Every structure is written in structure tokens, then in C-alpha cells.
Amino acid sequence: MNCAISGEVPEDPVVSKNSGLIFEKRLIERHISDYGKCPITGEPLTLDDIVPIKTGKIVKPRPVQAASIPGMLGLFLTEWDSLVLSNFALEQQLRTARQELSHALYQHDAACRVISRLKKERDEARFLLAQAERQIPKSNAVTVNSFTLSNGKRAAEDEMLAPGAKRMPPRINTRVISELTDCNATLSQQRKRRQIPSTLAPIDALERYTQISSHPIHKTSKPGIISMDILYSKDIIATGGVDTNAVLFDRPSGQILSTLSGHSKKVTSVKFVTQGEGDLLLTSSSDKTVRVWQGSEDGVYNCRHILKDQNAEVQAVTVHATNNYFVTASLDNTWSFYELSSGLCLTQVTDSAGSSEGYTSAAFHPDGLILGTGTSEALVKIWDVKSQANVARFDGHVGAVTAISFSENGYFLATAAKDGVKLWDLRKLRNFRTFSPYEADIPTNSVEFDHSGCYLALVGSDIRIYQTANVKSEWNCVKTFPDLSGTGKATCVKFGPDAKYVAVGSMDRNLRIFGLPGEDGGSEE
């Protein structure tokens, strides 16, 4: 008995009451639901017209292909081909899924970086806005000559000028001048009673100095340390690098305390300021800005002000003895006098002589009423801070004046340039000694008196320490250190407290400490 539709033996047979034909139950039920008639006779047919046939379990006969060995091999081959094709399709789907997942992960990572950058910019903008809001009451209290915006830009008085007109340079107000004068009187009296500290390193100890540690604190991609300062109270060294960062280094522990990022070009000068509310750090840069960083008890420094008064690279920053004011010097041929607490530019001074050279270095006299600046045209200019008048000019150098340092005794000024170091007597306004330690094509990059005024350091292709004397006596070179950076260009030097060590920066990424072996405070890296 075969199904009238499929021609095969039915697994679940049923019979039609009308025609007596046998069908596979599932096939005839589907046909009735679709057409409602018998597929053979065409007569009307319903599900009530079919009757199931009860039979024993039917075993389907083996198909013809499986009745012989060649047929079975053919079946196996067909199944194998189907399996291979299915596996190939699965591998393609897996490869596509992996590519989509990789692309999605890349997009997610990029989105996270963008979100992180935006959050950082948002937080910085909020911080600057808060600083600006806090400064608004202070700026209203400043006199008419002391106008600037919170970011260091001058106030809107310039908008009232006619096109092409020049605003007259402002002057420092009487309150500030009185504070500077009082500070000068106090320090001058103290200087008359000044004695050499008993803890100062003696000459025989300095002669035995050698390199005791070297610390790679700046990036390898843009090596070079070009500025340095030391916070004596905590023995912390700040360095400014070509890599646009300022790094705070704890010399006793030999550890980096903080890396200050924010400038977009090299950091040309760094200066510590000690105040009651915490330590500050000033950084100037070739990106034409100066940043004021506020230190906290946990050693974190946050940017407090960004000053943008200069129109060219800011080459130097120097702090007044009151620790309330500072000066910046720029290649745009101006120097600016700032109030530290508010970041306000109280005045910006241009040489009335009309010279076009920019300023490459600057330093306050220890008493605070004299400012020395070096220019790109080999001139040294002495300024009266109260009147902002140029009261003296020293010439004789060759090339840009790279560094200026006043002796603590108040009488001597040391200046460095391409031709070496010149010493000036401020009482008679004359050059009384010149050091030319290097060949003509090797400049002297920095010069520095120690805090006692007993030693003078200069750096170029090496590091040399001189014992200071008076105008008539000889200044002897007591120690020469080789430049161990391999660059042949030491760039900055500072004496540690009581000259117990000498810190040197070069055009590699290492900060080097020279002192007595066994007395280094930090481990060599």
C-alpha cells in the first residue's frame, strides 16, 4: 500500500471514505487545508472524510544508493562536501565578526580618548573660570595704571584708542613703589651686617667634588634641560626642558615629585617662590606664555595663572625679593612687571631708545630696586624698577647675553654670552674682569653666583667653579667638571644650599649632581 500522493509507503496512513484511496496523513491534511478537495478525484473532501488505518510499525526500505558500496561511498562524499562547505561558510562568518569587533573596539577606544581629552579641557576651563571670578574683585581695586585681564592680557582701555594710536605705557603705582622701597631699605641694612655662613662648603671640599648622581627626568624624544632652580627650604630642584615640561625633583630621595605639562614649546625659565599659602613655581616658555603653578601640601602643583602679555618668546622670569612681584623678559623687546597674587601685569616696559633687540635674560638685584636684562644684540641694560628707566648700559659682549647673575654682596654683576663671562662693578659701572674659557664658536650658556657670593659657576662645553674675590684680586678657577652628557653643551647650573652640591643640566635628559662622594641624597638612576 502506497500513498496516492507521494507513491511511497506511508508512515501514518489514512483512507478516504469517498474514494477509498490511501494517503500519508500529513500530506492529505495539508492538501485539504489548502484546496478542500481530493487531489486524485477532485471531489470535495474534509478532514472528517478521512479515517486512520491502524497498522504495525513500518520499516522503510533502504534507498537504492545505500544498497551497494559504491552508492554508500557516494553518499559519504556528498556529506563530506556539505560539511566542508558549511565549515568554510562558518570561517567566513567568524572572520567577518572578528573584523567588525576589532573596528568596534577601535572606535570605542578612540571615543574614550576623545571623552578623556574633553573632560580634561572642561576641568581646566572650569578652573580658569573660577580663578577669573576670584580675581574680579581684586582687579577692580587696582589703580588705573594697573589694568589687565585674568589671563595676563591688558584691559579694554586699548579699545578706546583711535586706529593706529599707541597707548602710553603705564607705571607702577605708589603703593607698590613704597613696598619695593621698604624692602630695599631692610635688605640693604641686613647686607651691611652680612657674614659668610659657617656651614658654607670650603674650597678644599669643593675641589674634591665629583659626579655623585645622574637622573633621567625628561623625555628621550626631545632631550635637553635648559633652565633650573632650587627650592632651598625643601631641597627640591625644578628643571625646564625642550620637551615642553617642567619637572620637580626631590634631591634627597632621588624621586620625581611632579611633571608639569601645559606649555606647547620649550620651557625657557623656571623660578620658585616661597609664600605663606604654599610654594609657587613660575615657568616661561617659547610659546609666548608664563604659567604660575600653585603647590599643595601633597606635592601636587596646579596651574593658577596663564599670562599672555608678550608677543614673542618669553626668555626669562625673575622674582623680586618681596616674593610678591616678578618680571618676565621677552624677545618682543619688552619686560613686564607682575603682581604675583593676582597675576596682573602692572606695567610693560619698552626701551625708549627705540632699539629693536629682544631680551634674552633678566635678573633682579638682591635689594630689588635694580633690574638687569640681557639682549640678543650683546647689550646689558640696567633698569630703575621704580621709574622703569634705563639707567645704565654695558656693552662689549659678542652675541646674545645668555645669562645674568647678581652677587649677594650687591656690588658685582656677572653676564654670560658667546664670548665668555664678564664681571661688572655696579659702583663704578665698568667691566673689571673677563673670562674666556672656551673657543670662539662655543658660547657660555649660563653663569651663577652661589647664595653667599663666594663662588661663581659658569657652563659651556664644561662646568667651571671660580672663587670670588674683589675688583683687584684674581678670581681663581678652583674646579672644572667635564660635561658627561656627551653633547658638549651644558646649559644651566645652580649651587645647592651652602654650596654643598652643584646641579647641572645639559642637552641630554639627565640632571647631574656634583658633590662629595658619599654625601649624595639621592640614588643614581
Where does helix 25-35 land angle-wise versus the long Cα axis of the chain, in degrees 0 to 90, nearest 10? 80 degrees
In segment 1-102, if every C-alpha pair distance is counted and binned at 10 Å from zero, what percent goes to each bin? 13, 26, 16, 19, 17, 7, 1
On C-alpha positions alone, give me the angle between the axis of helix 69-141 and the longest principal axis of the chain, in degrees, nearest 10. 30 degrees
For Ser19, net neighbour charge (Lys/Arg +1, Asp/Glu -1) across residues whose Cβ lies under 13 Å away: 0
Computed FRET efficiency, Cβ-Cβ of Arg26 and Leu105, R0 56 Å: what is it to the nearest 0.05? 0.65
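Order Arg113, Arg304, Arg122, most accessible first, counting only protein heavy atoms with a 1.4 angstrom probe. Mind dumping the intermediate values first?
Numbers: Arg113 130, Arg304 30, Arg122 105 Å².
Largest accessible area first, the residues go Arg113, Arg122, Arg304.
Hey, how much of the P(r) for segment 401-508 falls beyond 16 Å, as a percent of Cα pairs? It would help to have the intermediate numbers written out before the result.
Working: 3155 of 5778 pairs.
For segment 401-508, the fraction of Cα-Cα distances above 16 Å is 55 percent.
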Amide H contacts under 5 Å for Lys288, restricted to residues at least 5 apart in sequence or on another chain and with H modeled in the peptide plane, are Val314
Hey, what's the Cα Rg ratio for segment 247-345 versus the globular rule of thumb, 2.2 N^0.38 Å? 1.05
If amide hydrogens are placed 1.01 Å from N in the peptide plane, which non-local residues have theirs closer than 5 Å to the one on Leu346? Phe337, Tyr338, Glu339
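Could you check how many percent of all C-alpha pairs in the chain are farther apart than 36 Å?
On the way: 66941 of 137550 pairs.
The share of Cα pairs beyond 36 Å in the chain comes to 49 percent.
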Under 20 Å from Lys266, Cα to Cα: aspartates and glutamates that are on another chain or at least 8 residues apart: Asp229, Asp243, Asp287, Asp309, Glu313, Asp332, Asp508
I'd like the Karplus ³J(HN,Hα) series for segment 469-484: coefficients 6.51, -1.76, 1.60, θ = phi - 60°, whole numbers in Hz, and an x wherever there's a Gly or Pro. 8, 9, 5, 8, 7, 7, 9, 8, 7, 9, 7, 10, 9, x, 7, 8
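What number, rounded to the nearest 500 deg cm²/dmol, is the helix-based mean residue ellipticity at 222 nm of the chain, given -39500 (n - 2.57) per DSSP H run of at least four residues and division by all its residues? It would help to have the intermediate numbers written out before the result.
Numbers: 4 runs with 107 residues, N = 525.
So the helix-based figure for the chain works out to -7500 deg cm²/dmol.
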Could you run the Karplus curve 6.51 cos²θ - 1.76 cosθ + 1.60 with θ = phi - 60° over segment 226-240 and give me ³J(HN,Hα) per residue in whole Hz, x for Gly and Pro? 10, 8, 7, 8, 10, 8, 5, 5, 10, 6, 10, 9, 9, 10, x
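Which whole-number percent is the relative contact order of the chain (Cα, under 8 Å, 6+ apart)? Don't skip to the answer; put the middle values down first.
On the way: 1133 pairs, mean separation 60.4, N = 525.
Once divided by the residue count of the chain, the mean separation gives 12 percent.
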Other-chain or far-sequence residues with amide H under 5 Å of Leu21's (modelled H): Ser16
Please give the net charge around Ile442, taking every other residue with its beta carbon less than 9 angstrom from that of Ile442, where Lys and Arg add +1 and Asp and Glu add -1. 0
Using Cα atoms only, what is the angle between the long axis of helix 174-192 and the major principal axis of the chain, expressed in degrees (0 to 90) to the nearest 10? 60 degrees
Carbon plus sulfur, as percent of the 1.4 Å-probe accessible area of the chain, comes to 53 percent
Heavy-atom accessible area per residue of the chain, all protein chains kept, 1.4 Å probe, expressed in Å², is 51 Å²
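The values are calculated or read from the model by the stated rules, or taken from the named source; none is laboratory data. Predicted model only: the values in this text are computed from it and were never measured. Counting neighbours? That spans all protein chains shown, and the Cβs are built from the backbone with ideal geometry, glycine included. These accessible areas exclude ligands, DNA and RNA; they are computed on the full protein's heavy atoms, side chains included. Shrake-Rupley method; radii C 1.70, N 1.55, O 1.52, S 1.80 Å.
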